[in-house]
1. May I ask you to evaluate 6.51 cos²θ - 1.76 cosθ + 1.60, the Karplus curve with θ = phi - 60°, for each residue of the stretch 158-163 and list the ³J(HN,Hα) values in order in whole Hz, giving x for glycine and proline?
2. Taking the Cα centre of the chain as origin and charging only Cβ (+1 Lys, Arg; -1 Asp, Glu), how large is the dipole, in debye to the nearest 20?
3. Considering only Cα-Cα distances, which of the following residue pairs are longer than 28 Å: 215/438; 13/410; 70/431?
4. Past the 39 angstrom mark, what percentage of all C-alpha to C-alpha distances in the chain do you count?
5. Residues of the stretch 1-84: accessible area per residue at 1.4 Å, in Å²?
6. Determine the share of the chain's accessible area contributed by carbon and sulfur atoms, expressed in whole percent, with a 1.4 angstrom probe.
7. Amide H to amide H, which residues 5 or more places from residue 15 or on other chains are under 5 Å from it, using H placed in the peptide plane?
8. For the chain, find the longest principal axis of its Cα atoms and tell me its angle to the long axis of helix 405-418, 0 to 90°, nearest 10.
Amino acid sequence: MEKPIFEVKNLEKTEGEQHILKHISLSLYPGEVLGIYGTNASSKSTLLRALSGLTRIDSAFFQLDGQPCKISTPVQASRLGIYALLNDQQLLKNLSISDNLFLGAYTKNKLCNTFVQNLLGCYSLKNVRKAAEQLLAKYSLDINPDADIKSLNSCQLQMLLILRSIVNSARVLLIDDCLSSMDDKEAHSFGQFLKHIAADGISIILASQNYFRLKDIADRVQIIREGALYQNTANDSILSKFQAGSPFSYPKLPADIGPELYRCTNLCYRNILHNVSLSLRRGEIIGVLGASGSGRTTLANTICGYYTPTSGQTLLRGINLKITSTVKAKKYGISLISGSTICQGLIPHMTIQDNITISNLHRIQNKKIPFFINRRRDFYYCANMINKLGLQIRQLKDQACYLSNGSQKKVCFGKSVFSGAELFVLDEPTKEIDYPGKIQIYNIITELAQEQNGILLFTSDIEEAMGMCDRIFIMQSGTITCEVLPAKTTPAKLHQLIFASTASNMQHL
């Protein structure tokens, strides 16, 4: 029987009195894709960080190729060929795809074409591009090496990170949850790509909260729960409750629809958005549904001031506004809640309490001494928000960096809700959050609508749009192609509208 390439025995990690990882032991074989399934706060992300030296552990025994090894820092791990791919922020957005691929790969003799360049350590851009072209072609990726990183979707960004690790002689890849941010087509392509990588002898540990997608890709799946790792069995009780795709009722409650709150007319941004028009009334939840690359996220960012529109008119509470920055948008009462913690400005080494209140300190200031914080009011607001979001934390003084990815996103959601905005722009707010966590987010959305706020929900999830929205706008190629009512359509019809040609969609307007 083939020997494991990488083994871990009795890995332990504690934070204060809390046992984060408990007696973790696993074996990874050459060319194997090992799936780690777990819900939010199950410590799957912490496990990958521990295996790559990114987080401190109490004790563990590591073996690579049957030989004991030490992994206490990312540098030690990378020298052994162990790379952690935690998010696409590891890519440099201002560099081309070819430059990102070979960043840190000091193979001078291959990337330099003259003796002087080799001597000085300079690269030939022509050789770098050629090497990138060959690498992309080897794995059948239709990506232009000169393209902008911002033009890639989440699946392509993840593939690029993996290829960069291969360039740096990776032997073991540790990939954190990326399947939840992909649509079905992207997830299938990513699975085929991983199998191609594994066929070359590279071993992969893939953590995810989407059990069905993970099962299709991985050779075997292990389950992590409350920091302990279990073997997967067909009748494991936790799958029936937490597996992706489990049916549940969306907790949307009726709200009184008030006067118009927001309207944009003929909104354009460069060559990405084209004459987008929509309106939103108080108490209403409007869905903007579109596939990857439809311009959905760009529209959300334009409404919130991250991008300045090229042309078009914006009305908020009947007042004509020109929103040119996020500061102005927040001043007018517009808040963006994104699926990315980076976009939300989470400060990892600040406490959970301070992360929630930092964007709106005047709500907790002392009434008698305005420049001082009322700590009692601060604690009350934060504890109430944490309770609503269902966060399982020991105390508000914990640092945000110790939370799981899903819990960090909930903190970002609480921060935006605490800002006291009237128009909430939600861009994939439940991305990479498990189903119990989604229910908690949906409850907050429903509560905001009942308080006569306006909700713009940008999503690629058809069922989410149908379950939570009063009206749905279909977006394709940077424009709104039609408007539908959830009660008068089906998921199959919405899917057809999203992927049908723009010309045929315009007939539904």
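1. Per residue, the Karplus-derived 3J(HN,Hα) values read 5, 4, 5, 4, 5, 4 Hz.
2. Roughly 1280 debye for the chain.
3. Too far apart for the 28 Å limit: 70/431.
4. 29
5. 46
6. Its accessible area is 51 percent carbon and sulfur atoms.
7. Counting only residues 5 or more places away or on other chains, the set is 20.
8. Taking Cα atoms only, the helix is inclined about 20 degrees.
The values are calculated or read from the model by the stated rules, or taken from the named source; none is laboratory data. Predicted model only: the values in this text are computed from it and were never measured. Every residue, glycine as well, gets a Cβ built from its backbone with ideal geometry; the counts of neighbours run over all protein chains shown. Surface accessibility is based on the protein's heavy atoms, side chains included, excluding ligands, DNA and RNA. Shrake-Rupley method; radii C 1.70, N 1.55, O 1.52, S 1.80 Å.
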